[in-house]
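The values are calculated or read from the model by the stated rules, or taken from the named source; none is laboratory data. This is a predicted model, so every value here is computed, not measured. Positions of Cβ are generated from backbone atoms using ideal geometry, with glycine treated the same way; all protein chains shown enter the neighbour counts. Areas reflect the complete protein model, heavy atoms only, side chains present, ligands, DNA and RNA absent. Shrake-Rupley method; radii C 1.70, N 1.55, O 1.52, S 1.80 Å.
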Amino acid sequence: MRLHLLAVNPTDSVTEGFLPAAARLGLAVTVVTDQPAAHERAYAQYAAAGGRLPALDYLAADVGDFREVIATIAAGGRPTALFSNSDHLQAQTALAADFFGLPGKDWRAALRTKNKAELRRALADAGLDAVRSAEIGPGRNGEDPADVAEAVRQANPPYPCVVKPREGVASEDVALVANEAELVARCAEIRARRPGVALVAEEFLAGPLHTLETLGDGRTLHTVAAFHTELSPPPYFIEQRLRLLTGPPPYADQVLAQLEALGVGFGACHTEYVVQGERARIIEVNYRAIGDQCDLALADVLGIPLFEHILRTHLGQPLPASLGARLGGRARMEYVTADRAGTLIAAPRASDEVHAGVRLVYRPLREIGTHRPLHHTNRDFLGVLRATGGDERAVAAAVARFLAAHTWEIRP
């Protein structure tokens, strides 16, 4: 059987998770992407380091256009399965799967979760949660500052509010603003880099931040796990660390009801929400597996074939009644983040070690010698450390030792 995998840039989730899982399932994989050379390099490096990969080939296509995706795949014959773990390609993949009559997500749910304005409207219409939100379109004369200011005034958003791209991801161009002047300035700054981008300004939802990781086959929806997330101080929202919750996630029933209203229930889904009093209020829904090494940590600590389960749903196979997750494990993700612009001149290499019952896996996310501006987003990550084990104190101690023993140095 052959799996067609849609992707933009290479990711650890695909390289270290889904492709090895495809190999274990005996699948050949065709990577459909607008960056085939980047994928070939990434997978060659992984294989050279001993990683197991399936038989691979590549199709170059404008993966953002579902019509070209369908035409490119169809030219080679009818596919047997379609899948993507990209935030940007869920609707395109769902539409292509529907065209070929293959298992997949409802394209409406994929669009509804990606489009933050549609997400808010859907939850409000269902009577589940009403978050004050406003869309900010371009001014009459495009990016003219006076017209951007007028567009902000017409939107009449709440203050304080969070401004973000309507179809954004990974804290890109997300910021807290206190008043109209700050919002106008932030919108103008974003539009200077991304002309014409659709923005939303929505009520600031303060409170403890959690994730809910779910997996469904269209009939059964499993709660796989949940994390508590720590962020950088406002006005930006950069993930600093995540800790796996060992007990039931707070108010998960409310989150699941909101996901049902959105039409979510097939494949993996990563939902971020805050707890306010006795309410779960969704920040965003990413209709794919959690990334930034968290999915790899979950497969490790839960002891389940997580990536195989996800791929099987797209092969039309039902999930088991129980995923058989191992209980009581601990997992922690620590993100080493740049605090200034400049050139990275010192950083540890990739490593994978076990000490005192704790597995520590470090992966660099920026090459030494690379010069970068400061983005105030997850793009500022220098590396990610994932720690898994059976004891919380041992995991915390192992993380602290690793961070103290290594240096990340940036030269302005």
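Key figures for this structure:
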read-out	value
Positions within segment 330-353 being closer than 20 Å to Val395 by Cβ, hydrophobic (A, V, I, L, M, F, W, C) and either touching a residue at least 60 places away in the same chain (Cβ under 8 Å) or surrounded by 11 or more Cβ atoms within 10 Å (Cβ to Cβ) (or both), in sequence order	Ala331, Met333, Val336
Candidates Glu308, Glu230, Glu213, filtered to the one that is among the acidic types (Asp, Glu) and either closer than 19 Å to Ala126 by Cβ or free of Cβ contacts under 8 Å to residues at least 40 places away in the same chain (or both)	Glu230
Elements of type helices (runs of 4 or more DSSP H) in segment 1-107, at least 1 residues being over 15 Å from Glu308 (Cα atoms) and open to solvent by 30 Å² or more (accessible area, probe 1.4 Å)	36-48, 66-74, 90-99
Selected residue (criterion: farthest from Gly50 (Cα to Cα)) from residues of segment 367-381 that are buried (at least 18 other Cβ atoms within 10 Å of the Cβ) and at pLDDT 95 or above	Asp380
Residues (of a type in the set (D, E, K, R) and within 15 Å of the chain's Cα centre (by Cα)) located in segment 251-284	Glu272, Glu284
Segment 382-412: number of residues that are among the hydroxyl-bearing types (Ser, Thr, Tyr) and crowded, with 16+ Cβ neighbours inside 10 Å	1
Where Pro145 falls short, out of the listed (1) over 21 Å from the mean Cα position of the chain (by Cα); (2) farther than 30 Å from Leu183 by Cα; (3) open to solvent by 60 Å² or more (accessible area, probe 1.4 Å)	(2)
Flag for Leu128 being open to solvent by less than 10 Å² (accessible area, probe 1.4 Å), of a type outside the set (D, E, K, R) and at pLDDT 90 or above	no
Matching residues in segment 172-201 - criterion: being in contact with a strand residue (DSSP E or B) (Cβ under 7 Å, 6 or more places away or on another chain), crowded, with 20+ Cβ neighbours inside 10 Å and of a type outside the set (A, V, I, L, M)	Asp173, Arg186, Cys187
Filter result (surrounded by 21 or more Cβ atoms within 10 Å (Cβ to Cβ) and hydrophobic (A, V, I, L, M, F, W, C)) within segment 305-329	Leu306, Phe307, Ile310, Leu311
Conditions (1) surrounded by 14 or more Cβ atoms within 10 Å (Cβ to Cβ); (2) of a type outside the set (Val, Ile, Thr); (3) touching a Ser or Thr at 6+ places or on another chain (Cβ under 7 Å): number failed by Pro364	(3)
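Residue-wise test of (1) under 27 Å from Asp173 (Cα atoms); (2) of a type in the set (Gly, Ala, Ser).
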position: Phe237; (1), (2): yes, no
position: Pro248; (1), (2): no, no
position: Ala252; (1), (2): no, yes
position: Ala280; (1), (2): yes, yes
position: Tyr287; (1), (2): yes, no
position: Gly291; (1), (2): yes, yes
position: Leu296; (1), (2): yes, no
